[in-house]
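The values are calculated or read from the model by the stated rules, or taken from the named source; none is laboratory data. On a predicted model such as this, the values are computed, not experimentally measured, just so you know. Glycine also receives a Cβ, built like all others from the backbone with ideal geometry; neighbour counts cover every protein chain displayed.
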Amino acid sequence: MKPVRIGPIPLAKKPLITAVVDVPQPADKIVALCCGAVSLFEFRLDLLDMRTDVAVKFIRAIRARTRCGCIATFRETSKNRARRLGDLKEILPHVDAVDEEITSANVREIVRAARGKIVILSHHDFKKTPDLAAIRKMALRAKTMGAHVFKIAAHAKTQKDVARLLSFVGQSPLPCVAIAMGALGAISRVTAPLFGSLFSYGYTGKRPVAPGQLHVKRLAELFALFYPNPPRRGVIHQ
């Protein structure tokens, strides 16, 4: 597969941590919280709920303080449906990648608008883990739609669900991020890179953004424990 970079960060070289920014906080506080262990930031614009100009200023403030790649994620809600596409187009020039749900109504238009950026097409199943054939079908669809990365996040009811989800990574037709959600799936947040999953997510607010998600500081501690020579590409500029 063709190597993928999100901004200055090459994927699939080492286990990487993505910090999920879903709560407005001072840029210095967020950067300090990540302690140089983070390589990517995901800005959850649907949860931040900022005016577009404020969101751009916020993203630029964090970019100015790090060497990290930046991902924009703007899930559709009843509140933002009318403005989401226009707002996202304004924000795209200020990030390196966009993460869009593969089943969203505007997915094809967003893929076109993100030309020149890395496109992550995602599927979330909060009830179950699909079988391998279904996951592969979604990944192939993402590939035909122009995705550079396919992300599958599914609720694990059993350990076999976790194992099946992680085993898919080696079969994926695209570079892949695999996440088993829920209490049983929490281990995947640390072990998925062993199977080739590109990065793991840690939350920066007061609560997880998805079931089983670990706080970014805890995730960094576990990565430092289990993976030798953790990447330092996201360190703060001195």
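Overview of results
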quantity: Single residue of segment 107-122 satisfying the filter (among the basic types (Lys, Arg) and part of a helix (DSSP H, G or I)) that is farthest from Ser172 (Cα to Cα); calculated: Arg112
quantity: Criterion violated by Leu33 - all others in (1) more than 19 Å from Val149 (Cβ to Cβ); (2) in contact with a strand residue (DSSP E or B) (Cβ under 9 Å, 6 or more places away or on another chain); (3) assigned to a loop (DSSP other than H, G, I, E, B); (4) not charged (D, E, K, R) satisfied; calculated: (3)
quantity: Residue in segment 19-30 that is among the small types (Gly, Ala, Ser), in contact with a strand residue (DSSP E or B) (Cβ under 8 Å, 6 or more places away or on another chain), modelled with pLDDT under 95 and buried (at least 16 other Cβ atoms within 10 Å of the Cβ) present; calculated: no
quantity: Count - residues of segment 157-215 that are in a helix (DSSP H, G or I), polar (S, T, N, Q) and closer than 18 Å to Glu42 by Cβ; calculated: 1
quantity: Test set (1) over 24 Å from Arg67 (Cβ atoms); (2) at pLDDT 95 or above; (3) not polar (S, T, N, Q) - Leu198 fails condition number; calculated: (1)
quantity: Count of segment 50-106 residues which are touching a residue at least 40 places away in the same chain (Cβ under 8 Å), part of a helix (DSSP H, G or I) and out of contact with any Leu (no Cβ under 9 Å at 6 or more places or on another chain); calculated: 1
quantity: Check on Gly7, closer than 30 Å to Gln171 by Cβ, buried (at least 18 other Cβ atoms within 10 Å of the Cβ), more than 13 Å from the chain's Cα centre (by Cα) and of a type in the set (Gly, Ala, Ser); calculated: yes
quantity: Residue selected from segment 155-167 under the condition over 14 Å from Ala133 (Cα atoms) and out of contact with any helix residue (DSSP H, G or I) (no Cβ under 6 Å at 6 or more places or on another chain), by the criterion surrounded by the most Cβ atoms within 10 Å (Cβ to Cβ); calculated: His155
quantity: In segment 123-147, the residues that are hydroxyl-bearing (Ser, Thr, Tyr) and either surrounded by fewer than 12 Cβ atoms within 10 Å (Cβ to Cβ) or part of a helix (DSSP H, G or I) (or both); calculated: Thr144
quantity: The one condition in (1) surrounded by fewer than 20 Cβ atoms within 10 Å (Cβ to Cβ); (2) more than 30 Å from Gly185 (Cα to Cα) that Arg84 fails to fulfil; calculated: (1)
quantity: Hits in segment 7-30 (condition: closer than 26 Å to Gly116 by Cα, in a loop (DSSP other than H, G, I, E, B) and among the aliphatic types (A, V, I, L, M)); calculated: Leu11, Ala12
quantity: Candidates Gly170, Gly202, Gly185, filtered to the one that is surrounded by 18 or more Cβ atoms within 10 Å (Cβ to Cβ), without any contact (Cβ under 8 Å) to a residue 40 or more places away in the chain and of a type outside the set (D, E, K, R); calculated: Gly185
quantity: Enumeration of residues in segment 123-159 that are β-branched (Val, Ile, Thr) and free of Cβ contacts under 8 Å to residues at least 60 places away in the same chain; calculated: Thr129, Ile135, Thr144, Ile152, Thr158
quantity: Ala142 hydrophobic (A, V, I, L, M, F, W, C) and under 13 Å from the mean Cα position of the chain (by Cα); calculated: no
